[in-house]
Amino acid sequence: TSIFPLGGPAGKTTTVELRGWNLPATNLIVKAGSKETAIQSVSVRKGERVSNEVPFAVGTLPEVVEKEANNTTAGAQEVTLPIVINGRMDQAGDTDVFRIEGRAGDHFVAEVSARRLGSPLDSMLKLTDAKGQQLAINDDCEDKASGLNTHHADSYLRATLPSDGGYFIQVSDTQHNGGEEYAYRFYLKCE
């Protein structure tokens with residue numbers, strides 16, 4: 001029914017937690033076969049029986065796993081761009097906050113892949129400066145490549161940073177849901 005993390009680095013192995021019924025294991029080692037950004041399918045086998053396939057994203061950026069407690073700006077997890085963060089809304093009402101450093105004029109880009117990867121998360125992104133002033137917010141972003149596979153619940157945010165210094169980017173669920181299946185893959189970079 002779900003995996004965590006929802007992806008891993010190209011050309012490397014990732015230990016993935018499995019959730020569901022009648023599974024032969026609770027973890028699976030996935031080798032990302034390509035050296036490019038792609039989506040590959042993951043399934044498990046028990047004898048002649050094969051589970052349903054779930055999507056697993058493969059990327060070329062450095063990756064980290066989200067660390068709790070990062071629910072406020074005071075406890076924000078510091079990350080260095082560019083980065084992919086694999087995380088989840090551990091409980092209802094969870095918000096994950098990350099701190100980045102930026103320069104005036106940087107074109108900051110943040111994108112959540114969750115619903116497109118089989119997660120029930122309906123993400124919301126919010127970018128604030130160090131004083132808490134909101135600079136940008138996004139709920140849903142249409143991904144024409146995903147067609148009818150999703151109601152476009154993943155978020156995409158782009159903003160030009162006004163000054164040098166620290167910024168906070170928050171990801172949450174618009175319905176305030178959470179749990180082990182509410183995983184996300186969060187891409188952050190400056191262009």
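Being among the hydroxyl-bearing types (Ser, Thr, Tyr), in a strand (DSSP E or B) and open to solvent by 40 Å² or more (accessible area, probe 1.4 Å) is the filter here, so list the residues in the range 2-34 that pass it.
Within the range 2-34, the first condition is being among the hydroxyl-bearing types (Ser, Thr, Tyr), and the residues that meet it are 2, 13-15, 26, 34.
Then keep just the ones that are in a strand (DSSP E or B); that gives 2, 13-15.
Within the range 2-34, Thr13, Thr15 qualify.
Just to check your reading of the model, which residue among Asp90, Asp94 is acidic (Asp, Glu), touching a strand residue (DSSP E or B) at 6+ places or on another chain (Cβ under 8 Å), touching a residue at least 24 places away in the same chain (Cβ under 8 Å) and under 20 Å from Asp122 (Cα atoms)?
Result of the check over Asp90, Asp94: Asp94.
I'm trying to understand the selection: among the residues of the range 159-181, which are open to solvent by 30 Å² or more (accessible area, probe 1.4 Å) and either assigned to a loop (DSSP other than H, G, I, E, B) or of a type in the set (A, V, I, L, M) (or both)?
Result: Pro162, Ser163, Asp164, Thr174, Gln175, His176, Asn177, Glu180, Glu181.
The values are calculated or read from the model by the stated rules, or taken from the named source; none is laboratory data. The structure displayed is predicted, hence computed values, not measured ones. Here the Cβ is made from the backbone with ideal geometry for all residues, glycine too, and neighbour counts use every protein chain on show. These accessible areas exclude ligands, DNA and RNA; they are computed on the full protein's heavy atoms, side chains included. Shrake-Rupley method; radii C 1.70, N 1.55, O 1.52, S 1.80 Å.
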